[in-house]
1. How many residues are without any contact (Cβ under 8 Å) to a residue 60 or more places away in the chain and touching a Ser or Thr at 6+ places or on another chain (Cβ under 7 Å) if we restrict to region B:358-374?
2. Test B:Gln54 against the criterion of being of a type outside the set (Gly, Ala, Ser) and without any contact (Cβ under 8 Å) to a residue 40 or more places away in the chain, and give yes or no.
3. From (1) within 14 Å of another protein chain (Cβ to nearest Cβ); (2) within 25 Å of the chain's Cα centre (by Cα), pick out the condition that doesn't hold for A:Ala60.
4. If a residue must be at pLDDT 85 or above and more than 7 Å from chain B (Cβ to nearest Cβ), how many such residues does region A:345-361 contain?
5. Against the condition at pLDDT 90 or above, out of contact with any strand residue (DSSP E or B) (no Cβ under 6 Å at 6 or more places or on another chain) and assigned to a strand (DSSP E or B), how does A:Glu112 come out, does it pass?
6. Go through (1) part of a helix (DSSP H, G or I); (2) within 30 Å of A:Cys238 (Cα to Cα); (3) in contact with a helix residue (DSSP H, G or I) (Cβ under 8 Å, 6 or more places away or on another chain) for A:Leu346 and report which single condition fails.
7. Could you say which residue among B:Ala103, B:Ala115, B:Ala77, B:Ala68 is surrounded by 20 or more Cβ atoms within 10 Å (Cβ to Cβ), over 60 Å from the mean Cα position of the chain (by Cα) and either more than 29 Å from B:Tyr962 (Cβ to Cβ) or of a type in the set (Lys, Arg) (or both)?
Amino acid sequence: MSQPPLRLVHASDLHLEQPLAGLAEVPEQLHELLLEAPYQAARRVFETALTEEADALLLAGDVVDLERSGPRAVMFLLEQFARLEQHGIDVYWAGGRADPAEAWPPAAELPENVHLFASGEVESIALERDGQAVAAIQGISRSQGAALDDSGFYRDEDGLFTVGVAYGTSAMPGAEGDRVHYMALGGQHHRQTVDQSPGVAHFCGTPQGRSPRETGPHGCTVITVDGQGQVKTQLVPCDPIRWLTETIEITASTDHRALHQQMEDRLRKLRARHPELALLVSWQVHGHGTLLYHLRTGGVSDQITADLRRCFGRDMPGAWTVGIECDAPLEVPPEWFHQETIRGDLLRQFQQLEADQQSDLQLEDFLPDDLRTGPLAPIATVTGDQRGGLLLAASKMGIDLMDGDDL
Amino acid sequence: MKITDVRIDGFGVWRELQLNDLSPRLTAFYGANEAGKTTLMQFVRSVLYGFSDQRRERYLPPLAGGQAGGSLKIVDAQDAFEVSRLSELGEAGPGRVLTTTAAGETGGDRRLHEALADVDETTFNNIFAVGLREIQELGTLSDTQAAQSLYRLTSGIDRVSLYDVIQGLRRSRNDLLATAGQKSKITTLVDQRDALRAQLQQHSTQNRKWSQLAVRIGELDEEIVAAEAQLQRQEQHARIVEIAVELQPKWEKRARLARQLERQTGQIELPSDAVEQLDDLESKIENHRRQAAKLQGQRQQLREESQRLGINQLLVDNVSRVTALGEQRDWLESLGRQVEELDSQADELEHRLTSEQDRLARVLGLKETNHLQEINSGDLQKLQPLVEQARAAEKQHAQAQRGCDALAEGERSLTAQIDSAMVGGERHGLPMDLEEASDLVAQLRRRAQVEHRLEKARDHEAEMEQQGRELLEEQVIPLWLFGWLLAAFVVGALLVGSWLLVPGSPFGTLGGVVAAVGLCGGAFAFLFKYFTESAASNRLDDCHRHMEVLGEQLQAAQRDRKKLDAELPLTDGAVQIRLQAAEQHLEDLEAVLPVEAQRREAEHKVTSAKSRVAQSSRVLEEALAAWQAQLSALGFSEKLEPQRFLSLLERYEALLELEKRARYRREDASQRRREQARLVRRVANLCEETNCLPEVAEQEDDDQESVLGPLDLLDHLLGEFRRQHSAVEQREHLRKQARELKDTESKHRRAVAGLERRRQSKFDAAHCEDEQAYRQLVLQQANRLKMRRRHAALCREVTDAISRHAPEETFAELLDPEAVGRLDPLWESACEDLQQQQDLLKKLAERRGAMEQQQRSLAEDRSLAERQLELSCVEQRLADAWQSWRVKATVSRVLERIRADYEAHRQPETLEEASRYMAQLTGDRYRRVWTPLANDILLVDNDAGESLPVEVLSRGTREQLYLSVRLAVVAMYARRGITLPMVLDDVLVNFDAVRAQRAAEVLCKFAAEGHQLLVFTCHEHIWQMFQSQQAECHRLPDRLRVAGPPIAEPEPLPEPEQAVEEPVAELVAEPVQEQPEPKPSETEYAWQAEPQSYEYGFHQGEAENSGTLAYIVPATEGSANRPDGHDHLEPRRA
């Protein structure tokens, strides 16, 4: 297959309407960055298309929810589209769940270089260079409340390199790229290549992680197609602020000072590794030892978190500690279960509750009567998947309290 | 810690009071009212914890004077010391503490603090040293550490208090989530969340606003475009009218000129530059004519120059032949040189051939050199076999001679080797025969062995002699040994003698044993000496027998030596030297044996070789004779050797080769010469054909003609050819120039003709016969042209003025003579319309700008994102609070289960003990004291199994309960190692006789368990009850007798009934009704009829200001603000 070399930029899930979430408190120095991060990340996506001298920018949905973003996003996108138009870069935009094709305001006319695919059936557009078609871009926007019909994707009959743009497909897992050479997918915030052969299907992920669950680098994907039609994808990080989850293993001899020191060392390394990025760090503590009992909200975790924020969170760009989680199971000495003490009773009670998954915790008894039927009533309802974590946290707190610690 | 002595220097009513040897168990003091019992208890408190302000105010300075303070003697474990606390007059503070041990060591309050085991004063005052007031205050649960400790201690103390944990969790939960109307974290967050969502909902309309603005702006744009178009039209109209007004004069002037020009139409039109064109034509015609004449003269000059070149046409025609000969010039010159070289080489070779032939003839012995030339190679080949035969014979002879010489040399070498062996043996006088030499060596070896045996026997004999001397010396015992043996013998004899002769000596009593030891010692010495000497004698005899045998062996050896010496021809030298020489000689002889055989074989081979040499010599002579005969036959010298002949034969062959080379050189030279002659002829012929013979050659004679040579002739021809070639090229160049000149001349002449035709055609077109008429016509036309120009200028001005504003027809209508009078009114009307339209456009632009500003502000508005960020934070905090509430509720759920279990089955040991005391004090009427762990209250179960709160009990029963609890707590402290004396001041005053008797019994039993109790009573019958229990009882001294004026008791004891009502009445706004004594019926209590209506909780009320922190209220009052009237956590029973 002889093919003119191509360079495309694939982005999705810009979600200009979503500032970062998952922080219980926003430090003053991060406030502006948290607000602007989606726009900064999106701007870097467009700048990547310019610096890479891309043939086209592929937007695979969820670019913006205009109902939640306001006019600012519209103006921003029009401005960026105009920049690309000045450099002759086409934009192929397939609407997703948040940005269906019909949601774009008619009053804001898109530049000619922007091709917003219609919903309903796959539309095919030839990507031209110097008046000659070099690739076929096929795309479809998602309809509100309807499944995406991807049956219209097909490889170009003349052998042109065919790119599909869609907000996910209804194909079987691993078969998303069977119809075209490269399937640019959106709707998934984590970067993932779901199909390699015969065609590549790739989720480029969001250019900016929005919550502590969306850790690691995020950005857009630069697609390079060589003369033999071989596709190579490369991540270009665009996130100005990055969520990280750091795992620390502790031993029986680790106390809270040693843990604090380990975290400080780790943060220093992270700062050195990402000197220009603002970091939001969540900690996962595993291991053994009595420190596990005290690593809970309201316990030692709060104290360490405050210290780390004071030491590393004040600078810009800094490393802000989001929180410390410890899901490690309790390892109490076995004799504690047999002691005739309140703590022994407590442990036995928790053991019994964990063993009997069907038993009701009856937390509604603790609800004030006037709240038992209101919107706050679900607070006392514990689902099966919440039960384990809740009992673990409660057992930690119970042991902590039995040690004389304050609530 | 126990108090043994009390000494009051001055405190309240007491002065110089001394209470000594107090019992470590129970001591009952009787004192009437105002006897100073409470003062005594306060004194104990003051010494132990200091003079508080309250006590200072009440008890200091002492009423009876004296030093304020006193001392206590204390026994704590094994340590006994006295604590004194004194205070100066007017001094503040707790007073000075001095501790003095039994050994007289003094110190500060450290010992006292250690003895008190960190029990604070409040606890001591409420637990250990209590009066009737304190015991009643317990029911109010005042904010004292003692009250809290009491309940903590009685409510399931682990590492922490379950009560504290449950209460803390409840408070924490309430902080997170409280009932509607109360502020809590979750409800606050929910409110914030809802408010933010509402704000977001409001902000979500921004898009619609923005789109509406965009649409409206679009509409405005269309209106503005329309207005601008209208304005443009009106501007254009006004401009047209304005231009028409300005154009009016020019318009009229242009019309006049147009009419004049119209009248001159129909005349011949000449170009404006007709005169210039005519003059130009005339000048061009003249110029071309001059140029043509000039070129014609130049062509004539070229033609003459070409004729002067003188070209040889014959030579030019034979150019190919001349060129070919020119290419052969080098070859021709080379041929000359080759001919000369080949001739000289041939001459040289022939000369060398002649000289070599002469030398060879001389060597071969020929008399004439020419004879050698007659001999051919065949003759010489015939000599070749003879030469080879002779050389083979010589070679064979020489080889045989060398073999013979080698064999003879080998024979001589072997002979010399044998001779040297013989000569060595003869020099030492040894036999020449191998067998004899072998016998000689054997005899010499035997002789050496005999000599060796003799030497060994002599050495052995000397050793035996030495051994014999040593054995002879050993037969005599050494002096030191003899001394010891003698001493042992003498001691033994003395012991035996002392036994026999002095029986009374110290050895007498053990005489038998001593004598036996003495005998054993003597016998041992004698036997040891005998056996030692006997063994030495035996060994000496053996030595002598060995020496005799050695003597015989020496003699035999000497005989053998003499015999061998006689047989051996020993002349001189030692046996060993001779033996070595003989052995060496024998080795030489043994080595010569194979050499002799080799020598004989070599001798035989030499003889054979000599015969072969003679035979080869004969063969050689025959070959030489045949050789010489053949040489003579050929005329050569007979002395010529075959080897020499071979070298001459090679030289002869070289001569033949030389002759051949000379012949070849000569043939080559003649061939070159022929080629040269052929070329020379070709050159000469060509020169003649082209008339290029040199002029000199034609004029000189034949002899001189040969001087020129072929090369000179050829060079002449080639030089002439080159000169002619150059002339031809020059001629061609001149011809080309002439042709070009001719072409140019023709052009000029054609131009002249054309120009003349054009001039004539102009005249014809103007209908002029000659040039003069033509020029007249041109003048007329110039005048007409001026008029046209003026008309055209006016037209341009008009056109420029109207430019693109409107077509000319529009202005023609406006400037029509009939309408020109309406221009000014039309202009004014257009100006007014234009102003109105401009105002309209300005308004539209302003409206559009305002909308754009609104749109821009909407686009720059980030409040939506800020609200979303705030919302995410609030939701996260809400989720955290939600989870925190769940966790705490789960922990509470577990702790509630534990609490219920504790309440039902596992009340603390303290309460169990209190229950026992309570049962004893009440005669089993109240059997159990317990507490709901989540509240600071006590409940008592009666014999009917009913749980009663404290406030429903009678005062006496309540005091029994509090006394029970205190006794249990004191016992609990004791179990924890804290033993402090218990001072009870009239705590039994409200007991009836039966209860007092039971109390006395309980207290005595309690004291018997190791607790020290100091019980003060004002009732003698109670005092007597303690007496009946065998307790130590004292009457307090009459203070009136001891000190000065009587003082009043600090505070009169409250009446029993008042004491009951007082605390309860202070607690709540609507106090609990006092229950009738002795026991309320079950139906009288609302909590019993409706147990679910009671709840035990904390309420902040008016009593809070008076120091009361918590109190018990009916549930209906305590939860008045709660619809269901009870806390969701608390038990709904009493």
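1. Total meeting the criteria: 2.
2. Values: of a type outside the set (Gly, Ala, Ser): yes; without any contact (Cβ under 8 Å) to a residue 40 or more places away in the chain: yes.
Taking the combined requirement at face value, the residue satisfies it.
3. Condition not satisfied by A:Ala60: (1).
4. 8
5. Details: at pLDDT 90 or above: yes; out of contact with any strand residue (DSSP E or B) (no Cβ under 6 Å at 6 or more places or on another chain): yes; assigned to a strand (DSSP E or B): no.
Answer is no for this residue.
6. Of everything listed in (1) part of a helix (DSSP H, G or I); (2) within 30 Å of A:Cys238 (Cα to Cα); (3) in contact with a helix residue (DSSP H, G or I) (Cβ under 8 Å, 6 or more places away or on another chain), A:Leu346 misses just condition (2).
7. Working: B:Ala103 fails: surrounded by 20 or more Cβ atoms within 10 Å (Cβ to Cβ); B:Ala115 fails: either more than 29 Å from B:Tyr962 (Cβ to Cβ) or of a type in the set (Lys, Arg) (or both); B:Ala77 fails: surrounded by 20 or more Cβ atoms within 10 Å (Cβ to Cβ).
One residue alone meets the criteria, B:Ala68.
Listed here are the residues, each with its yes/no results for (1) β-branched (Val, Ile, Thr); (2) assigned to a helix (DSSP H, G or I); (3) more than 14 Å from chain A (Cβ to nearest Cβ); (4) touching a Ser or Thr at 6+ places or on another chain (Cβ under 8 Å).
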residue	(1), (2), (3), (4)
B:Arg171	no, yes, no, no
B:Thr179	yes, no, no, no
B:Gln182	no, no, no, no
B:Arg197	no, yes, no, no
B:Lys209	no, yes, no, no
B:Ile224	yes, yes, yes, no
B:Leu261	no, yes, yes, no
B:Leu270	no, no, yes, no
B:Val275	yes, yes, yes, no
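The values are calculated or read from the model by the stated rules, or taken from the named source; none is laboratory data. A quick note: this is a predicted structure, and the numbers were derived from the prediction, not measured. FYI the Cβ positions are ideal-geometry reconstructions off the backbone, even for glycines, and counts take in every protein chain you see.
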